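First up is the structure itself, then whatever we jot down about it.
The values are calculated or read from the model by the stated rules, or taken from the named source; none is laboratory data. Computed from a predicted structure; not experimentally measured. Every residue, glycine among them, receives a Cβ derived from its backbone with ideal geometry; neighbour counts consider all protein chains shown. The area values use the complete protein model at the heavy-atom level, side chains included, leaving out ligands, DNA and RNA. Shrake-Rupley method; radii C 1.70, N 1.55, O 1.52, S 1.80 Å.
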Amino acid sequence: MSARRRPVGRVTTAALCALVAGAALGDPTAHAAVGRPGLAGPRPDAALLERCTGTDPVVCTYPDLSPGHYDVTVMLGDRHGPAGTEVQAEARRLMVPEVHTANGELARRTFTVNVRDPESQQNQPVGEGTAGLTLTFTGDALHVAGIGIRAADARTPRIALLGDSTVTDQGGAPYTGWGQRLPAHLRLGVSVINHSGSGESTVSVLAEPEMFDALVPQLRPGDLALVQLAHNDKTTTAEQYRANLTEIVTRVRATGATPVLVTPIVRLRFDGDQLSSTGLVETAAGSLPQHVRDIAADLDVDLVDLTALSEELVERLGPVDAQPIYLVRENGDRTHTSWYGAGVYADLVADELHRLGLVPERYWR
């Protein structure tokens, strides 16, 4: 079923600026390691629905919003029937998993979103994507009843992701990075910055000013920086790989943020009933996941061992049943994940962040 048709209109720059400027800010004394307690989402404004077009999907654009962090409220559901609605922001970032509402029921959901230029992969040209904030609503009998937007408090903590194509905000389906689906686990008050890009390695992120150098000034005390870099370090020596990760950890810590090293997801490459050395991201420099584990231990850095977690899952499923996680059936790709697979790996990362206590309980959706 398609959504009810929405009127197409305009929201003036003055109206949007007034909405953002009038936002209620949080208590300056309230600050947790990640997330701030006591936040309420912005009130819905009927004018914001006038910037929504289409029926399935419904796309709402707010081009006057400059890069930054925004709190968003969405009212989902239909006063005249049942509905099922999912919310994505910017370049296919899942913010709210599909919400099913009964006849006449409205569900309120809130989240914080990072708006940046470029919109998706950090190593794309400036101007890539749509200016401002884009919200996309999809789902079974989707229905959008209200939207509220305000500038997030300047102290809003951030979870930054520095990674490769398996992490990044992929602009086009079916490719999806696990970083695109991580925000769905979080409530209002935490902003995910996916500062990743296809083809990036520990060498390139340090060499390219738009990558790590551009991320460092955005980090503050209380933020997290998750680093997953290995898939493209095929020719990096063991010594250089360890030195590069050490430099990244050291510079993150200098900002007061907390680094978290993440071992890479496995590739769907089997040797018998076990993953091959290629599947386990081993190179001439040895096992890159093991280097990450060693550096984490040496530098006393929190570790999300996504290699071990994905290895256990993929080997348990086997070479056939694990295929939907990757893009094998679409185009033969055994490294990159589908929308479903990215969700599977985002779940594993979220579970580990939860277990490590790096994000307070009240901020998990």
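Take the Cβ-Cβ distance between Ala243 and Glu105 as r, set R0 to 45 Å, and report the resulting FRET efficiency rounded to the nearest 0.05. Walk me through the intermediate numbers first.
Details: r = 56 Å, r/R0 = 1.24.
Result of the calculation: an efficiency of 0.20.
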How large is the accessible surface per residue of the chain, computed with a 1.4 Å probe and reported in Å² as a whole number?
39
So for each of 226-235, 281-290 I average, over its residues, the number of other beta carbons within 10 Å; can you give me the resulting order with the highest mean first?
226-235, 281-290
Expressed in angstrom and rounded, the centroid-to-centroid distance over alpha carbons for region 156-207 and region 281-337 is 17
Heavy-atom accessible area of the chain with neighbours in place, 1.4 angstrom probe: carbon+sulfur share in percent works out to 51
Cβ neighbours within 10 Å, averaged per peptide: list 269-279, 331-341, 153-163 in order, most packed at the top.
153-163, 331-341, 269-279
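Roughly how many debye, to the nearest 20, is the charge dipole of the chain about its Cα centre, given +1 on each Lys and Arg Cβ, -1 on each Asp and Glu Cβ, and no other charges? Before the final figure, lay out each step's value.
Details: 32 positive and 44 negative charges, 274 e Å.
Dipole magnitude for the chain comes out near 1320 debye.
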Simple spin-label estimate for Trp364/Ala207, 7 Å along Cα→Cβ, in nm, reads 4.0
Each label sits 7 Å from Cα toward the beta-carbon; between Glu98 and Asp56 the label points are separated, in nm, by 1.1
In the set (i) 90, 23, 19; (ii) 40, 24, 17; (iii) 35, 24, 18, which value of semi-axes √(5λ) of the Cα gyration tensor in Å was calculated from the structure you see?
(iii)
When the helices in the chain are scored as -39500 (n - 2.57) per DSSP H run of 4 or longer and the sum is shared across all residues, what 222 nm value do you end up with, to the nearest 500 deg cm²/dmol?
-7000 deg cm²/dmol
